[in-house]
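Asks: Okay, handing you the structure first.
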Amino acid sequence: MSPELARAYAYCERLARSHYENFPVASRLLPARMRPHIAAIYAFARLADDMADEGDRPPADRLADLDAWDACLNAAALGAVERGEPHAEVFLALRHTIETCGLPVQLFHDLVSAFRQDVTTTRYATWNDLMDYCRRSANPVGRLVLRVAGYDRADLDASSDAVCTALQLTNFWQDLEVDWRKGRVYVPGSVLASASASTDDLAARRITAEWRTALDEVTARTRALFGSGRAVCDAVGGRLGLELRATWIGGSRILDKLEASGFDVFRRRPTLTAADAPAVLWRTLTWRTN
């Protein structure tokens, strides 16, 4: 690896480790050969997500930035990276990762399309609408990780999709207050209507019985997706298998905390802390396949 490429990957790893996440990103559980590639993928997605979330900038400007980001992706996939451009290191590393691991570029385009949707869409009418968003915002990451690890199987893709969607949904329910402050509500309108839950209560910072009913439903759907996705945690071995199991357990534990708090994220946003580490580690090491 050239010094320039090594610096590019190091830049991506610093970006990956500078953001708080519920779940491990390029952690020490991953095989060493995978970590730089996962960091490059994460850095690409993280920076694009930040562009979409710059709420103090006009939507047209954020969309223009995402279009430019997508154009840089196309150029990098063709082997052209403009040195000196902002975050050029990300595309230097990503170009190498795409070539080395044979990654489908469309998965990266799917991510950018979801980030564009974050700019333009603040409500979801139905569960299917939300699932289509997760198909592009979350599922590509899991498939890319599998490809980096050398897995290219339809059954594992399907299980990975279920886990990634479940993790994305868990983050939505965990961040209900955070997203509300940004003007977004991810609980589908059809679920809210069925439970007679009103967004007026979010504005008043209260979780009512109606909201608990709605959140009970979406949490049950999320748990079902975690269940559907266990197969990928069972099938993948080695250190990546441990990483996937720890991630699965961490996401499920956040749902446990949400339910235990009565979903009152206005009082405390549930997170994984150092106190959770022993239990997550124990369950990871004693994981039993179905």
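Bear in mind that the values in this text are calculations on the coordinates, not laboratory data. Since the structure is predicted, the reported quantities are computational estimates derived from the model, not experimental observations. Because the Cβ atoms are built from the backbone with ideal geometry, glycine has one as well, and the counts that use them run over all protein chains shown.
Asks: How many angstrom lie between the C-alpha centres of the stretch 236-270 and the stretch 43-88?
Replies: Centre-to-centre distance over Cα atoms comes out at 30 Å.
Asks: In addition: What spacing in nm lies between the two simple spin-label points modelled at Arg14 and Ala158, each 7 Å away from Cα in the Cβ direction?
Replies: Roughly 4.4 nm, to one decimal.
Asks: Still on this structure: Just the projected area, averaged over all directions, of the convex hull on the alpha carbon atoms of the stretch 122-290: how many nm²?
Replies: Values: hull surface 39.8 nm².
Computing the convex hull of the Cα atoms and averaging its projections yields 10.0 nm².
Asks: If one takes the longest principal axis of the Cα atoms in the chain, at what angle in degrees, from 0 to 90 and to the nearest 10, does the Cα axis of helix 3-17 lie?
Replies: 10
Asks: For the ranges 70-79, 171-180, 134-143, what's the packing order if you count other beta-carbon atoms within 10 Å of each residue, average per peptide, and put the highest first? Don't skip to the answer; put the middle values down first.
Replies: On the way: 70-79: 15.9, 171-180: 18.5, 134-143: 21.2.
The packing order, highest mean first, is 134-143, 171-180, 70-79.
Asks: Related question: Label points 7 Å out from Cα along the Cβ direction at Asp276 and Gln117: separation in nm?
Replies: It is 2.5 nm.
Asks: Another question about this same structure. Among the GluC sites (Glu not before Pro) in the stretch 74-166, which ones are in a DSSP loop with at most 13 other Cβ atoms within 10 Å of the Cβ? Mind listing them?
Replies: Details: sites: Glu82, Glu89, Glu99; in loops: Glu82.
Passing sites in the stretch 74-166 are Glu82.
Asks: Moving to a separate point now. Averaging over all projection directions, find the projected area of the Cα convex hull of the stretch 120-212 and quote it in nm² with one decimal place.
Replies: Details: hull surface 27.0 nm².
For the stretch 120-212, the mean projected area of the Cα convex hull comes to 6.7 nm².
Asks: Rounded, prolate or oblate: which fits the chain when a ≥ b ≥ c are the square roots of the eigenvalues of the alpha-carbon gyration tensor, with rounded for a/c under 1.5 and prolate only if a/b beats b/c? Walk me through the numbers before you get to the answer.
Replies: Working: a/c = 1.90, a/b = 1.29, b/c = 1.48.
Judged from the Cα gyration tensor, the chain comes out oblate (a/c at least 1.5, b/c at or above a/b).
Asks: How large is Rg/Rh for the stretch 42-127, to two decimals, with Cα atoms and a Kirkwood Rh? The partial results should precede the final answer.
Replies: Working: Rg = 13.6 Å, Rh = 13.6 Å.
Ratio value, two decimals: 1.01.
Asks: Treating only the Cβ atoms of Lys and Arg (+1) and Asp and Glu (-1) as charged, compute the dipole magnitude of the chain about its Cα centre; round to the nearest 20 debye.
Replies: The dipole magnitude comes to about 980 debye.
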